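What follows draws every value from the coordinates through simple rules; no lab data is involved. Everything numeric in this text was worked out from a predicted model, so none of it was measured. Cβ: placed from backbone, ideal geometry, glycine included. Neighbour counts: every protein chain shown.
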Amino acid sequence: MNKKEEKSPVKKPLILVVNDDGINAKGLRMLGDIAQQFGQVVMIAPNNGRSGMSHAITFALPLRLRKISSSKDFEMYKTSGTPVDAVKLALNYLLKDQQVDLLVSGINHGANTSVSVIYSATVAAAIEGCLSGVPSVAFSMVNYNNNCDFKAAQSAIQKIIQTVLEKGLPPHICLNVNIPNVPENEIKGIKITRQAINEWHESIVAREYPADMPYFWMGGSLLEKDKAKDTDHWAVKHNYISIHPINIDWTDYSMIHELKKWKIK
């Protein structure tokens, strides 16, 4: 074979890895290790945990970005911003002139099902990738311990990453994956689900500083009103992995006709 006939090396997929639990989170490192099995990885995450930030972005303050490490096919950065800021910095600065083949967000420490999807910055990071035309998947495991053992999630995440790299995702669609906190041999399979329509019952505790200035602790609990078996919440509760497709178009088309009948002028 002469030089003209030599084949150029196959380009590895470029995978962006982000999260909302911070650069030191165990779930982020696990997801980065898994992603490296499939391609070149660029990891960027907030310098501290940013859970519950949803799609928050920073525009009134400057953002800071620092490279943590770099080796063959792997780079790691941390930022002072939110998870969505991290995605924006990656796609519009670090990787501005490159094609990102996949964005994966997580592995989040805790479930992102039902109403939590709205508050989740792990999911929001995937949505931001989707908004930029990058196939994106958010991964969460139903374990809130910082030392969570993610081994049971590894095989499923590998299969999902491989499948998305092979098949791609339709425009405006990203995936929200939740994995139950059980040993791998107790996972019953994968369910394609919808978001459960449950409610968050707020609990706000008011206290006072010595100078009579109030401060508040915010918490609450989930009210499980949606008992259907096709939901994300039901699936993980019954030891199934939930794959919930999210459309970035939030329009309720069924309501458009009804609103037109209101004849608001």
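Net charge of the neighbourhood of D21, taken over other residues with C-beta under 14 Å away and scored Lys/Arg +1, Asp/Glu -1, is +3.
Taking the DSSP beta bridges with both ends in the chain, the antiparallel portion is around 45 percent.
How would you classify the range 148-199 from its alpha-carbon gyration tensor, with a ≥ b ≥ c the square roots of the eigenvalues: rounded for a/c under 1.5, else prolate if a/b is greater than b/c, otherwise oblate? It comes out oblate by the Cα gyration axes.
Residue separation of Q37 and E166 scaled by 0.36 nm, minus their Cα-Cα distance, works out to 45.0 nm of gained length. Ranking of R194, R50 by neighbouring Cβ atoms within 10 Å, starting from the fewest: R194, R50. Rounded to the nearest 20, the size of the Cβ-charge dipole of the chain about its Cα centre is 600 debye, with Lys and Arg at +1 and Asp and Glu at -1.
In terms of the mean number of neighbouring beta-carbon atoms within 10 Å, the peptides 30-37, 114-121 order highest first as 114-121, 30-37. For the range 1-116, DSSP calls about 30 percent of its internal beta bridges antiparallel. Peptide packing: for 11-20, 146-155, the average count of neighbouring Cβ atoms within 10 Å per residue gives the ranking 11-20, 146-155, highest mean first. Note on E186 and I248: with the Förster distance fixed at 25 Å, the Cβ-Cβ geometry gives a FRET efficiency of about 0.15. Across the options T251, G220, V134, the greatest Cα extent toward the positive end of the charge dipole of the chain (unit charges at beta carbon of Lys, Arg, Asp, Glu) belongs to V134. Amide H contacts of D21: R50, each under 5 Å away and 5 or more positions distant or on a separate chain (H built 1.01 Å from N in the peptide plane; Pro and chain starts excluded).
Sorting the segments 230-242, 128-140, 210-222 by their residues' average number of neighbouring beta-carbon atoms within 10 angstrom, most packed first, yields 128-140, 230-242, 210-222.
Separation of the range 12-72 and the range 190-233, taken as the distance between their Cα centroids, equals 26 angstrom. Taking Cβ separations below 4.7 Å as the criterion for a possible disulfide partner, the isolated cysteines in the chain are C148. For the options H109, H201, H55, a Gaussian network treatment of the chain with springs between C-alpha atoms closer than 10 Å singles out H201 as fluctuating the most. Ranking Q98, V84, A60 by Cα position along the charge dipole of the range 60-109, where only Lys, Arg, Asp and Glu carry charges on their C-beta atoms, puts A60 farthest toward the positive end.
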